[in-house]
Ligand code: TYM
């Protein structure tokens, strides 16, 4: 099996794709297309790890799968040159997750902070799937033997786990890995997280110490990719700030989470550094900075929202993209699954 540089990442279809998803992940997905083979996945199997009330039931799930797909394409991902598909159409994800469940250790999963946050106080009542979420995520990546994984900051720990699982698999089956054509003993490459840009952790517009999130009960806390221009302007105008003018140096943002967040958002949208943004706006009042930010945000997001609307109006077309992508992803996945089964020692049809 040839070793290629391959990018994999996923987004959950749980509704309300927001500026954090866009700047922390999707913008980087688009950039990486230039010089990598990329696979971008709508991770619908992950969505159902949460209670049905969170992902909204069958009709809502299907709608959201198509909406995330539309967001990928409207943002500039090319499903012809790269692969776009939804996870549940490639059975290898669930199948490899089972194999990796037997490699991952309970102690490793017990350390996962996202499970603790999402399960909350009522941990006994969380789904087994939610607990196992990071193993399925490792399977997503390792199924394609991906080398690079663009994600937001919040996924760092899951990526570290995926690396540990890859390494333990390679070690546990070391001799077999070598006799099955991987002389260096590395069947699964160590996936490298790509957490880049000035907005790897976009914070809530209502509270600069809380992550911008799909599940925040306040819609004013986030900018949704489907928000119209007036809504975006209003949310930015209402965004929490402090009474000081903007600093001229990045250091001055350190103790000012809300200011830091808005400057980071501006920098990421404009493709500039925070320092560069402060060179222009430092010393000024928030009101004029917010006007400039709203304008920039609308200029970048409005065309995406329009294109998303156009695409989702034709679900048949979106589905055909996903089906085609799943067939290409499935072929790659099958290669990995065959090799993994041989390495472990399962008997199979040649
Ligand atoms: P999801 O759908 O929760 O998030 C999708 C991507 O958006 C990033 N993100 C953010 N980035 C910056 N600021 C924020 N406030 C913010 N909120 C979300 C996330 O880091 C993520 O990159 N577990 C993944 C989905 C997944 C996956 C994978 C990713 C499943 N399998 C394999 C990579 C590789 C997740 O959090 O999705």
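None of the figures in this text is laboratory data; all of them are computed from the coordinates on show. Just so we're clear, the structure is a prediction, and the values are computed from it rather than from any experiment. Virtual Cβ from ideal backbone geometry, glycine too; neighbours counted across all protein chains shown.
Mind giving me the nanometre distance, one decimal, between the label points for residue 328 and residue 220, set 7 Å out from Cα along Cα→Cβ?
The modelled label-to-label distance comes out at 4.4 nm.
At what distance in angstrom do the alpha carbon centres of the range 183-219 and the range 70-145 lie from each other?
Cα centroid to Cα centroid, the span is 14 Å.
For the chain, set up a GNM with springs between Cα atoms under 10 Å and report which of 107, 15, 129 has the largest fluctuation.
The residue with the greatest mean-square fluctuation here is 107.
How far is helix 128-143 tilted off the main Cα axis of the chain, in degrees rounded to 10, range 0 to 90?
80 degrees
Take the alpha carbon gyration tensor of the range 74-138, find the square roots of its eigenvalues, order them as a ≥ b ≥ c, and report rounded if a/c is under 1.5; if not, report prolate when a/b exceeds b/c, else oblate.
Numbers: a/c = 2.68, a/b = 1.73, b/c = 1.54.
Prolate, because a/c is 1.5 or more and a/b exceeds b/c.
Considering just Cα atoms, how many Å³ per residue does the convex hull of the range 249-344 enclose?
Each residue corresponds to 180 Å³ of Cα convex hull volume.
Please identify, among 244, 67, 258, the residue showing maximal mean-square fluctuation in a Gaussian network model of the chain using a 10 angstrom Cα cutoff.
Of the options given, 244 has the highest mean-square fluctuation.
To the nearest 10 degrees, how steep is helix 92-101 against the longest Cα principal axis of the chain, on a 0 to 90 scale?
The angle comes out near 80 degrees.
Listing 201, 66, 310 from the residue with the fewest other Cβ atoms within 10 Å to the one with the most, what is the order?
Ordered from fewest to most neighbouring Cβ atoms within 10 Å, 201, 66, 310 come out as 310, 201, 66.
How much length, in nm to one decimal, is gained on full extension between residue 255 and residue 242, taken as 0.36 nm per residue of separation minus their Cα-Cα distance? Mind showing how you got there, number by number?
Working: separation 13, 0.36 × 13 = 4.68 nm, distance 1.08 nm.
Length difference between fully extended and current span is 3.6 nm.
Between the helical axis of 286-312 and the dominant principal axis of the chain, each derived from Cα atoms, what acute angle in degrees is found, rounded to the nearest 10?
Its long axis makes an angle of about 40 degrees.
What shape does the range 290-342 take by its C-alpha gyration tensor, where a ≥ b ≥ c are the square roots of the eigenvalues and a/c under 1.5 counts as rounded, a/b above b/c as prolate, and the rest as oblate?
Oblate, because a/c is 1.5 or more while a/b does not exceed b/c.
Among 200, 226, 209, which one shows the biggest mean-square fluctuation in a GNM of the chain, springs joining Cα atoms closer than 10 Å?
The residue that fluctuates most here is 209.
Need the C-alpha centroid separation for the range 44-63 versus the range 256-303, integer Å.
One Cα centre to the other: 34 Å.
As a test of the formula, what do you get for the chain when each DSSP H run with n ≥ 4 contributes -39,500 (n - 2.57) and the sum is divided by the residue count, at 222 nm and rounded to the nearest 500 deg cm²/dmol?
-16000 deg cm²/dmol
Per q in 0.10, 0.12, 0.13 1/Å, what log10 I(q)/I(0) does a Debye calculation on the alpha-carbon atoms of the chain return?
Results for the chain at q = 0.10, 0.12, 0.13 Å⁻¹ read -0.64, -0.90, -1.03.
Mind computing the radius of gyration and Dmax over the alpha-carbon atoms of the range 32-157? Å is fine for both.
15.4, 45
Kirkwood hydrodynamic radius for the range 160-299: how many Å is it when counted over pairs of different Cα atoms?
Hydrodynamic radius (Kirkwood, Cα pairs) of the range 160-299 is 17.6 Å.
According to a simple spin-label model (label point 7 Å from Cα along Cα-to-Cβ), what is the distance in nm between residue 31 and residue 348?
3.7 nm
Could you tell me which of rounded, prolate or oblate describes the range 1-51, using a ≥ b ≥ c as the square roots of the eigenvalues of the alpha-carbon gyration tensor, with rounded for a/c under 1.5 and, failing that, prolate when a/b is larger than b/c and oblate otherwise?
Working: a/c = 4.23, a/b = 1.49, b/c = 2.84.
Here the range 1-51 falls in the oblate category.
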